[in-house]
Each structure stands twice: as C-alpha cells, then as structure tokens.
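Down below is the structure, laid out as structure tokens.
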C-alpha cells in the first residue's frame, strides 16, 4: 500500500473511532461487525447521492449505527420537517393512551366530541371508531379540510361519510388530527407534551416541535420536527417491539397491531404504497414496514434483517428512494460477520463525510456582474417582492438583499459551497436557510436557497439586462405548482 493510502486509512479509522467514542443513545459499530460489507454500503450511498435532494441517511444493524451522513448544508443537530411521518408518532401516542386505559380501539369517535357533532349525525358517522381513524378507513370519500387555520373536530365531523367505516381505505390526514384531538381530550395534554416523558425523553429526542391548529391541538398528521437520529431511534424502538434500554415503554401487542396489515390498499406488487396499511404505518415489500412523509421522509424497519433506515430528503419520486433501499442496501445485509475491510471502510467514511446538496455550477464572475450591485424595484406581485439587490460577500460568494412585504432580509450565498443563516424563504420569514450561487451564463446569476429544516429549496435565476432584471423562481418540490411566474424589476 502506498504511503498516501496508508495515511488516508489511518485518518479514516481514527475518525470511525472518534465517532464510536462519542456515542449517544444509539451505539456505533463498523459495518463488518454487523454483517454488512462497506463496499455494499458505499454502493447504497452512491445510489442515493444520484437522486438529487437527499438530506440525510442513517443505517442501523443489530442495534448499532453502521453508516450516517448528512448532505451539506443539512446537519445532525437540526430538526427536519417530517410531514406524514408524524402520523406514526401520533399512532404511538394512541397506543400508549390505550395501554393506560384512557380510550380503546372500539370507542366511537362521536363519544369524545358531543358538542362538535352535527345536529343529526348519519349512521355511518355514528359507527366510526378509533380503529377506523387509525387505519384510514373512516368512510370518507373526500378528505376533510387539513389546513391548520380550518381543521378542527367540528370540521371533521361535518364531512359526509358515504361509506361504512372500516370498508373503504382513503388516505386521510384529518383522521390523524382527530387521533391527536382524542388523546388531548382524554389526557389534558397535547400529543407533543403527552409523548415527552413517555417517548421523547426515553429515546433522547430532546428538541421536538409540533405545530398546532388554531385551537392549540397538535396537528397529528403532520407538523412534527425532529432530527435524523431521532427518526432512527423511533424505528429501533419498533424493531425491538417497544422495548428500550431494558424498559417496555410501548406494549408489544400495540407494535404488532400497528405494523401489521390491517387494511388492503392496492394490488400493485411493485409499489410500496399497495402492500397494506396498519395503524398509521405502511407495509412494504420484503417484509418491511415504514412511516413516511411527503417528499421523502422515511423510517423504514426491516425485521427480517434486524435493520432500520432513516432518511430525510426533498424528492419528487418517493418510490425511487425505496427502490434504492431494496436494490442496493438489502443485498448488503448479510447473516454473518464480514471480514474486516479497512480500505473500503475508509472510502465509505470519506464519502459520508463529504456529501453535499448540488450547488449551482458556473463562474465566480460575469461581464454584467457590476449591474448586480444596483437595487431593482418590482411592481406589485403575488410574492410581495418589493426590491432586490446583489452584492459581493466578504469571501467567495454574494449577499442577496431583498424586501418582502416590507421586511428586509439577507441571504448569504457561497460560491461552490453553502453559507448558513436565517432569513426569508418564499413567503415565510425567519427560517433556517443556506445559500449557494454562481454565474451560470454571461448575464444570469443562479441562486439556490435551502430551508434547512424542511424538504424545500428554491432556485432563483436572476437575469441582468441593462436597466432591468428578470427573476425566475422554482422550488424542488411542492403541494402545488413549483414554478412561479417570472417577475421583471427596474434599477432605481
């Protein structure tokens, strides 16, 4: 082995030792000791990296973390918006409340909210039970409203129920909200506060946040933010059938019910959304199950392989990520301890340490660069963008100053790298953000801004032509159109 290779290997082995010495609630191990080839893991990471907008990944085997990585500017200590992965946590709260005798699976939903019920409830609404909320088989044909400013027990109960509960699967975020509302009604605490001593604190989930509706009820079906390792620990708890560090904090019977196929939801053998649904958990191919959220937030549990995979991302094709797990990771999970492979392990560690979300590819300067320093004013527009100005940063990069709705903010953007800060993202003020930019043509500065606690990033293309600037904005993902109409501003 060449001296340079020896040096790299020693550095990487030292890094692995340092990681292991800094164990938190989940112990660390080398892949080989847990029956996984580092080469196989490297292929898995490379395949994930080929899907733009991966944010983090953590792989646990036999209770030991064997791979973990964050795509810069995302990091281990920041929370991440889980979207519908929140549902699996709400389900857990229901299981705990049932074990404490506060409610049962067969309780009628109307029983908890008599003052919110319609004057003449239908027979199907009267028949709806907690079990039906958990299995997304409430009998609705149309999902009730889910926006935080409108969603409530009254709005849910006002929705028509044309199907007999228990007979018709319909994905229903408002149903999960009702589970949250029931837990709050029966315990006097939001789901967030109820889970703190029962789930979050035992698992070391130290900084969870959960948005509420206008009545102060945790949203249940979405709105929870935790860290990647928190997701992994949650999956490990379920893999261990509710047992954590010698304590049974969740009944085994609940884990079995929640993660087994309670209802059928399709017949496509190649889709991980057609394998059946439990109590706010999806069944998967290959004997696995998962909680997941919009744009690629995953907690995947593989009981047959004794493994857990946690992933956060901002992707459009969620099935593509799961396909990588099945095609690249699953074959690497062997039944026996593997021979030590320091060289492959070194490559894996270096790869994991140098992951990065793609930055705009281009030049650090352009002929029209001096024009960028001017302030450009925009006419009234849906984005409420009033003016924008680009100035050079103290180091390689730029500062984008803008006024949105009367509030001025700045986004620092690195060249061929990321700069973190806080500022406007879309129409939302004071977000954790990171920026990167480059001149992608002679007259266009392309700016990429990531909201680093969410799945979203925006790409802004600023084209300078004399006295005018044209702004085009596009998001990586969204619940509606991702591209905004172009705006044109004039220099003052």
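Looking for whichever is touching a strand residue (DSSP E or B) at 6+ places or on another chain (Cβ under 8 Å) and closer than 17 Å to residue 313 by Cβ here; the options are 488, 470, 444, 482. Which one fits?
Criteria check complete, one pass: 482.
Go over the candidates 222, 238 one by one and state the one that is modelled with pLDDT of 95 or more, in contact with a helix residue (DSSP H, G or I) (Cβ under 6 Å, 6 or more places away or on another chain) and either farther than 30 Å from residue 75 by Cβ or assigned to a helix (DSSP H, G or I) (or both).
After applying the criteria, what remains is 238.
Of everything in the stretch 336-352, what is outside any helix (DSSP H, G or I) and touching a strand residue (DSSP E or B) at 6+ places or on another chain (Cβ under 9 Å)? Give them in sequence order.
Result: 338, single match.
Of the residues that sit in the stretch 390-425 and are surrounded by fewer than 20 Cβ atoms within 10 Å (Cβ to Cβ) and within 16 Å of residue 457 (Cβ to Cβ), which one is farthest from the chain's Cα centre (by Cα)?
417
Cβ-Cβ distance below 6 Å, separation of 6 or more or different chains: which pairs start in the stretch 358-375 with a residue that is assigned by TED's automatic domain parsing to the domain that holds residue 456 and at positive phi and end on one that is surrounded by fewer than 16 Cβ atoms within 10 Å (Cβ to Cβ) and at pLDDT below 95?
Listed by first residue and then by second, the contacts come to nothing, as the list is empty.
Can you tell me which residues in the stretch 145-192 are closer than 18 Å to residue 122 by Cβ and assigned to a helix (DSSP H, G or I)?
If the condition is that a residue be closer than 18 Å to residue 122 by Cβ and assigned to a helix (DSSP H, G or I), then 153, 154, 155, 156, 157, 174, 175, 178 are the ones that fit.
The values are calculated or read from the model by the stated rules, or taken from the named source; none is laboratory data. Predicted model, so just to flag it, every value in this text is computed and none were measured. Every residue, glycine as well, gets a Cβ built from its backbone with ideal geometry; the counts of neighbours run over all protein chains shown.
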